[in-house]
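Heads up: the structure comes next, in structure tokens.
The values are calculated or read from the model by the stated rules, or taken from the named source; none is laboratory data. In this text the structure is predicted, and so the values were computed from the model without any measurement. Cβ coordinates were reconstructed from backbone atoms using ideal geometry, including for glycine residues, and neighbour counts include every protein chain displayed.
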Amino acid sequence: MKLPFVPLATLGLLLLTAGPVLAQEYVRPPADLDRLVQELFAEIQSDQVPYEDLYETLLLYYQTPLNLNTATREELRALLLLSETQISALLEHRQTQGNLISLYELQSIEGFDLRTIYRVSPFVAVQSNLGNSARGPLWKRIAQEDNNALFVRYERVLQEREGYTAPTVSRSGSLSSRYLGSPDKLMARFRVSHQRDFSLGLTAEKDAGEPLTWSPSTRRYGADFYSGHFVLQERGRLKTLALGDYQLQFGQGLLLSSGLQVGKGAETITTIRRSSLGVRPYSSVLESTFFRGAAATFNLTSTLRATAFLSRKRVDANVQTATDSLAEFDEFSSGFLITGFHRTASELANRQTLRETIGGGNLTYTSRSSNFSAGLTAVDTHFDKPLQRQAELYNAFEFRGRHNLALGAHYSYVIRNIILFGETARSSSGGLGTVNGLLASLASTVDVSLLYRNYARDFHTFYGNALSENTRNINEKGLYVGLKMRPIARWEVSAYYDQFSFPWLKFQAGTPTQGYDWLVRVAFAPSKTSLLYAQIRNRVKEYDVASASSLPQTAPTQRRSLLLFYDTSPTLNLSLRTRLQGTHYREDNGPQRTGYVLAQDAAVKIGRRLQLSGRYALFDTDDFDTRQYVFEQDVLYAFSVPALSGQGTRAYAIAEVKCTKHLTLWLRYAETHYRNQDTVGSGLEELQGPRRSEVKAQARYRF
């Protein structure tokens, strides 16, 4: 809201006289990441999307809040919580009125309503512009930094699964496959960081079933996965220097994209455009979404910035030897393996078998007003063994060989209440990819978005993640239209419609196919701590169907989902959430199949040291196609989205105990009970009985 002149002048005088006190007394509210993730996502339909990366990025913003006095337009966009009009208003306020003195001052900026301020406040701060050197030498700043933590986590499925039983002998005399390690999953992570100064972190993880082995000859050093980084920022012309593991984000993510990517969801405006954040530290446990080596960004002038990077690491791949003497490659890989699991002999055989070397850079110009930016990106990828997909017709235009050079150009232009943005790139194959869009505020209560994408069937990018219906930016055309309206106070309507087509064949689609996807959500916020919304989503895509003809035939498959969600906090210490979601699924005009889940959450704070939370859910699905993915609360830095299929109940409870000022403990127990089932899971994950129980414990120590 915009305050009248007299109150605004009075507020300004009070802030000038009492600003330091206000800034010191202001306490950021806790980040309700669970609710925020559910607001951003339309409907979680897969466990293959790296939601953990999104979740950890939000946590990073909470741990090191964005300074509103120094944040750039791109950094503000990356929050996904501010519209372009609000960002422009904040930057104009800084330019005309000077730095903010307190977060309360946001109320005086046009477009910042109370709901927006409440949502963004956990992730931002108002701080002075003192240089890093004023706080002492680097080693001293690291040693005295309050934002540090050591995490140690343990988790395990209580029931014995098939993979941990004694192996059996087949008729041929060979032993059956079994997991080589214990069923315990372990993780340890330490990180210390300060915004716009430094970040230092180290992570070690062992998945359930993986052995703890010290074997340097096979590149195994205890835990299965290690990650570490050291990042320096704001050193004169040197903006960022990253050593170790890092992520890259430029343009619209067509060539380089990582971290906070939501895609199509209930937030139909701010998540459509990607943010050019450049080099960022990496501290997640995902084993295939990062670069390893060095990267540096320099400010060549006040408006021109250059980034160079080099990455060299081993990745999991299935390496094969050609049996045909006339084959193009004697030894080749049929593709990457991104699960990160190395539990069995066959999984270990694929561990780090392919060496990947990537080099490149980015050159970006940003006008002094930050309203216009344009840049060039180059990514050169080389593998020590060639890639060659399986000899299927749908793989005819997939990448093959050892080397791929991709060049791209991106732009962004803000004119009044409209922002135009896009990126176009070309890979070594000659294939082109392009994504272009606009965001516009038609009125103070109406925002629209439009995005067109066209990824050729022979366009190849290995770290791109621009908006798409596919999991990769290849073989797709689409047009997305989004709308968000706030017709009256506390009400919000968001919707999108996305039309897409696949010009070439796909896995499980033997002909060119097409489809569409639309969503409508109506939300009502009775107060800043309550939220009620109803949502419907419909997706139609074509897949292969059985046919008497020798030619492949496809038919549409429809998935329609309904979601009702209510979140309220009757008291300061109690919060309740109710979620009902259901799915109708139909293939080729066949019988309709259904699935639903009803979940009730509760969280209560007991004193200053103890918080208890939990859920009880009922689910009933006709088959695996109607399975339900439901986001669950977990221990800090963990993400849980189980797939519920069949009939049964799902329940969990979490206790968070603040033992001392430095030590916090979490304990989580979860159980799924299936009706009419004698076993749960399949293959090596199969267990006897109708229950699957999981325990998880985590400790955080702040030095």
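Taking each residue of the stretch 93-105 that is closer than 9 Å to residue 69 by Cβ and looking for partners that are part of a helix (DSSP H, G or I) with beta-carbon atoms closer than 8 Å, six or more apart or interchain, yields 100/93; 100/94; 100/106. Counted as qualifying within the stretch 312-425 are the strands (runs of 3 or more DSSP E) with 2 or more residues that are under 18 Å from residue 460 (Cα atoms), namely 331-336, 354-366, 372-387, 401-415.
Residues of the stretch 521-552 being of a type in the set (A, V, I, L, M), farther than 17 Å from residue 479 by Cα and either assigned to a strand (DSSP E or B) or in contact with a helix residue (DSSP H, G or I) (Cβ under 7 Å, 6 or more places away or on another chain) (or both), which ones? 522, 523, 525, 531, 532, 534, 536, 545, listed by residue number. Out of 200, 212, 186, one residue alone is surrounded by fewer than 17 Cβ atoms within 10 Å (Cβ to Cβ) and not basic (Lys, Arg). It is 212. Of all residues in the stretch 231-252, those being touching a Gly at 6+ places or on another chain (Cβ under 6 Å) and not polar (S, T, N, Q) number 1.
With the structure loaded, tell me whether residue 572 is modelled with pLDDT under 90, surrounded by fewer than 16 Cβ atoms within 10 Å (Cβ to Cβ) and under 30 Å from residue 663 (Cα atoms) or whether it fails that test. Yes; evaluated as a whole, the condition is true for this residue. Residues in the stretch 269-317 that are farther than 13 Å from residue 243 by Cβ, among the hydrophobic types (A, V, I, L, M, F, W, C) and surrounded by fewer than 21 Cβ atoms within 10 Å (Cβ to Cβ): 269, 277, 285, 286, 298, 300, 304, 306, 308, 315. Restricting the stretch 128-167 to residues that are aliphatic (A, V, I, L, M) and touching a Ser or Thr at 6+ places or on another chain (Cβ under 8 Å) leaves a set whose member that is surrounded by the fewest Cβ atoms within 10 Å (Cβ to Cβ) is 158. What do you reckon, is residue 355 basic (Lys, Arg), closer than 24 Å to residue 74 by Cα and loosely packed, with under 15 Cβ neighbours inside 10 Å? So residue 355 fails the test. Restricting attention to the stretch 88-102, the residues that are loosely packed, with under 13 Cβ neighbours inside 10 Å and farther than 25 Å from residue 439 by Cβ add up to 1. If you take the residues in the stretch 609-641 that are closer than 17 Å to residue 694 by Cβ and free of Cβ contacts under 8 Å to residues at least 40 places away in the same chain, which one is surrounded by the fewest Cβ atoms within 10 Å (Cβ to Cβ)? Residue satisfying both the conditions and the ranking: 616. Just one residue in the set 616, 637, 596 is within 21 Å of residue 536 (Cα to Cα) and out of contact with any His (no Cβ under 6 Å at 6 or more places or on another chain); that residue is 596. In the stretch 363-420, of all residues being acidic (Asp, Glu) and over 27 Å from the mean Cα position of the chain (by Cα), the one that is nearest to residue 503 (Cα to Cα) corresponds to 392. The residues of the stretch 505-521 that are more than 26 Å from the chain's Cα centre (by Cα) and crowded, with 17+ Cβ neighbours inside 10 Å, listed by number, are 505, 509, 510, 513.
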